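The values are calculated or read from the model by the stated rules, or taken from the named source; none is laboratory data. These figures come from a predicted structure and were not determined experimentally. All Cβ positions, even for glycine, are placed from backbone atoms using ideal geometry, and neighbour counts span all protein chains on display. The accessibility values were calculated without ligands, DNA or RNA, using every heavy atom of the protein model including side chains. Shrake-Rupley method; radii C 1.70, N 1.55, O 1.52, S 1.80 Å.
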Amino acid sequence: MRIISIDTETLGLGGAPWSIQYSMKPGSGSLVFAHDHEGLLKLGRVLASPRVLTVVHNALFDLRIMEELGIRPHRVLDTMVMAYLLGESSLKLKVLAYRYAHMEMRAYMDVVRPQSERMARPWLERVMEYEWPDSEPVIEDNPDGTVHVRQPQNLSKRLKRFLKKYDDGTAKQGLVEYWADKKMEADREMVAPEFGEIPIATLADVPIDEAVAYSCADADMTGRIFPPLMERIRQMGLEGVLERDMSILPMVLEMMKNGMLIDKEHFACLSHELELEADQLQMEINRVVGVYLNPGSPPRVLTALQGRGLNIRSTKAEELDKHRDDELVRLVQDYRGVVKLRSTYVDVLPKLADEHGRVHTNLSVTKAITGRLASSKPNLMNQPVRSETGRKIREGFMADTGGILLAFDYSQLELRCAAHESQDPSLVDAYWSGEDIHRRTAAEMFGVVPEDVDSSMRRAGKTTNFAIIYGITPPGLLMRFYHEDIKEFTEEDCAHFIAVWFERHPGYVDWMEETKAFAVRHGYVKNVFGRRRWVPEVYSVDNRVREGGLREAINSPIQSLAADIVKESMRQLCPRIMEWKHSGGRVFPLLQVHDELIFEVQEELIDAVVREFVPVIEGAVELTVPVKVGVKVGKRWGSMKEIGD
């Protein structure tokens, strides 16, 4: 098979396509500009051949650009995904080129920096000459616990001082680097409405020979690192895992392209509601302390907590969790939670929506160490779902007119994976008999018959099941209970629950010990498909680090198997989704969250899609226990109901 390595370039981050480069042998590279329609047509015909393998680095970027250029390669492999599966510490092309091809590459900013600096200078001068308001006073904490008020300089004065240093050669940063510094974030937000973003040069702004040489080097290096990476993939038996990760990319690209529709008015109301809630919590904090206390100031909060007699050394979340019984701790945590939700989601999501009101997340198949997809900018997978506010945030996501949201959610997938991996008779029998495993665990924990288990006891059993399969400790289980708002247990109770669970599941205990021994012997663990996770922590002389590594060794085969089952269902659904798309049916994949696949579907197609998709999802991978999926439907994400309810 003929191998052609490909790279694409755009006019800046998120800009229009500028070129596509290809290399057929080491040391060579050719470039086709985005405006060269005849050249693109010829290259597209070559890459569409079944006899050609297209190799890229970061397929989720390059495939999207190639689609814009009208190029659809027949078969694609991604050296970034390969490096990810091999456990490489860095997935960057330049690092991999140095390691596998012994070549140093030029950085993008090194190519465009001189022109960027020339473009930034007059822009910064215009910003400096504008009449900006004086900065807000800043209250700062002194080491002795007192506070003082500092008046920052006006932006124009700060820019004038920096440009003078830049001109006389004493500035420690370039113009672009200075403006991009984190400390300038508030200034950038203030300037943007008047002047936009600072201009950054693109490859179109630099000498053409430099731009072509830089661009073609990426295609060349991708081709150079492919053979050694592929050889290691084969040696480790990861061909099937690689094929599965690559096969889901069409659906992942569709998810990013479709985005999720949001209700901006809903988020505006929720923002006001959270602002009032934060104000109320602030008043409660002041009441408890007796004076004004800034909950966002770690030193001030720490001093206040220590003044209440708490033996506490920091205000980090995990430290505050240990003192959740204290009223001030609860109020500070609640305040921080409200402020974080508002600043991370409620106020941000409407700003990220496109002209159609849809928010497009960036998905990655190479970020999560467990093999799951990862979401960023914005992260739509990490919203709190158990809190009332978290549910209100999800209520702001909705289907478009004539459509409805449809979700397929695997039932207890990780517990089923634990049963499959361990072959524990008790777990396996529970699933085949159709028994409520959380109710049974609760009955064993509390020494009652299953019929006497109430809803709160079952909730404790559910939390225990999902915590223990990952080797949780009694303090860890207690913290998990706290986060689930289950507060009636002690650390001794948790130790008893864990002991009872292990006594009832000896097969799982044996599997845990075998898995830990394998990790110590080989330095990695793997799931039934062969996906590996390296756990060098098991060799640490630090007992805390070593124990953490051993817990990860237990965690990984289960979580990665669950991830691979979801991916396999996505792989098998891909051609069906494309058939719906080509037939004009509105069946849009939107997101994959944990063990759930979310679609936007024409209302009249619900029954047909459910009939077609459920057997595929449930039968994607055959385990030694039955795999079940629940189906939910609704106009809004936060209020979806099980079909049949």
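From VAL625, VAL621, VAL601, which residue is out of contact with any strand residue (DSSP E or B) (no Cβ under 7 Å at 6 or more places or on another chain), open to solvent by less than 10 Å² (accessible area, probe 1.4 Å) and not in a helix (DSSP H, G or I)? VAL625 is the lone residue from the list that is out of contact with any strand residue (DSSP E or B) (no Cβ under 7 Å at 6 or more places or on another chain), open to solvent by less than 10 Å² (accessible area, probe 1.4 Å) and not in a helix (DSSP H, G or I).
Please go through the stretch 429-449 and pick out each residue that is without any contact (Cβ under 8 Å) to a residue 40 or more places away in the chain and surrounded by 15 or more Cβ atoms within 10 Å (Cβ to Cβ). Outline the logic, then answer.
Within the stretch 429-449, the first condition is being without any contact (Cβ under 8 Å) to a residue 40 or more places away in the chain, and the residues that meet it are 429-430, 433-440, 442-443, 446-449.
Hits for the stretch 429-449 are ALA430, ASP436, ILE437, HIS438, ARG439, ARG440, ALA442, ALA443, PHE446.
From ARG330, ARG313, which residue is free of Cβ contacts under 8 Å to residues at least 24 places away in the same chain, in contact with a helix residue (DSSP H, G or I) (Cβ under 8 Å, 6 or more places away or on another chain) and either open to solvent by 60 Å² or more (accessible area, probe 1.4 Å) or among the charged types (D, E, K, R) (or both)? Spell out the reasoning first.
Working: ARG330 fails: in contact with a helix residue (DSSP H, G or I) (Cβ under 8 Å, 6 or more places away or on another chain).
Going through ARG330, ARG313 in turn, just one is free of Cβ contacts under 8 Å to residues at least 24 places away in the same chain, in contact with a helix residue (DSSP H, G or I) (Cβ under 8 Å, 6 or more places away or on another chain) and either open to solvent by 60 Å² or more (accessible area, probe 1.4 Å) or among the charged types (D, E, K, R) (or both): ARG313.
Screening ARG106 against (1) closer than 16 Å to ILE3 by Cα; (2) in a loop (DSSP other than H, G, I, E, B); (3) among the charged types (D, E, K, R) leaves a single unmet condition, (1).
Could you check how many residues of the stretch 195-211 are of a type in the set (A, V, I, L, M, F, W, C), in contact (Cβ under 8 Å) with a residue 60 or more places away in the chain and farther than 14 Å from ASP110 by Cα? Before the answer, list the steps.
So the first thing to find is which residues in the stretch 195-211 are of a type in the set (A, V, I, L, M, F, W, C), and the list is 195, 198, 200-201, 203-204, 206, 208, 211.
Checking which are in contact (Cβ under 8 Å) with a residue 60 or more places away in the chain leaves us with 195, 198, 200-201, 203-204, 206, 211.
This time we only want the ones that are farther than 14 Å from ASP110 by Cα, so: 195, 198, 204.
Number of matching residues: 3.
Within the stretch 378-395, the set of residues being among the hydroxyl-bearing types (Ser, Thr, Tyr) and either assigned to a strand (DSSP E or B) or crowded, with 18+ Cβ neighbours inside 10 Å (or both) comprises just one member, THR389.
Pairing residues of the stretch 526-545 that are within 26 Å of ILE565 (Cβ to Cβ) with residues that are in a loop (DSSP other than H, G, I, E, B) and open to solvent by 30 Å² or more (accessible area, probe 1.4 Å), at Cβ distances under 8 Å and at least 6 apart in sequence or on separate chains, gives GLY530/MET236; GLY530/GLY237; ARG532/GLY87; ARG532/MET236; ARG533/GLY87; ARG533/ILE369; TRP534/GLY87. Condition check: open to solvent by 50 Å² or more (accessible area, probe 1.4 Å), in contact with a His (Cβ under 6 Å, 6 or more places away or on another chain) and either under 23 Å from ASP326 (Cβ atoms) or not acidic (Asp, Glu) (or both). Does ARG458 satisfy that? Yes; evaluated as a whole, the condition is true for this residue. Checked against (1) within 11 Å of MET445 (Cβ to Cβ); (2) without any contact (Cβ under 8 Å) to a residue 40 or more places away in the chain, GLY476 meets all criteria but (1). Applying a threshold of 9 Å to beta carbon distances and a minimum spacing of six or more residues, or different chains, the list of pairs starting in the stretch 554-568 at a residue that is closer than 14 Å to VAL593 by Cβ and ending at one that is part of a helix (DSSP H, G or I) and of a type in the set (A, V, I, L, M) reads ALA562/LEU413; VAL566/LEU413; VAL566/ILE617. With the condition kept exactly as written, say whether any residue in the stretch 25-42 is under 14 Å from ILE4 (Cα atoms), touching an Asp or Glu at 6+ places or on another chain (Cβ under 9 Å), among the polar types (S, T, N, Q) and assigned to a loop (DSSP other than H, G, I, E, B). Yes. Please tell me if PHE502 is touching a helix residue (DSSP H, G or I) at 6+ places or on another chain (Cβ under 6 Å), open to solvent by 10 Å² or more (accessible area, probe 1.4 Å), without any contact (Cβ under 8 Å) to a residue 60 or more places away in the chain and not in a helix (DSSP H, G or I). Here the answer is no, as PHE502 does not meet what is asked. Restricted to the stretch 263-284, and to residues there that are of a type in the set (A, V, I, L, M) and in contact with a helix residue (DSSP H, G or I) (Cβ under 6 Å, 6 or more places away or on another chain), the residue that is nearest to ILE65 (Cα to Cα) is LEU270.
Could you count how many residues in the stretch 396-415 are in a helix (DSSP H, G or I) and open to solvent by 20 Å² or more (accessible area, probe 1.4 Å)? Break it down into steps so the answer makes sense when it comes.
Taking the stretch 396-415 first, the residues in a helix (DSSP H, G or I) are 413-415.
This time we only want the ones that are open to solvent by 20 Å² or more (accessible area, probe 1.4 Å), so: 414.
The total comes to 1.
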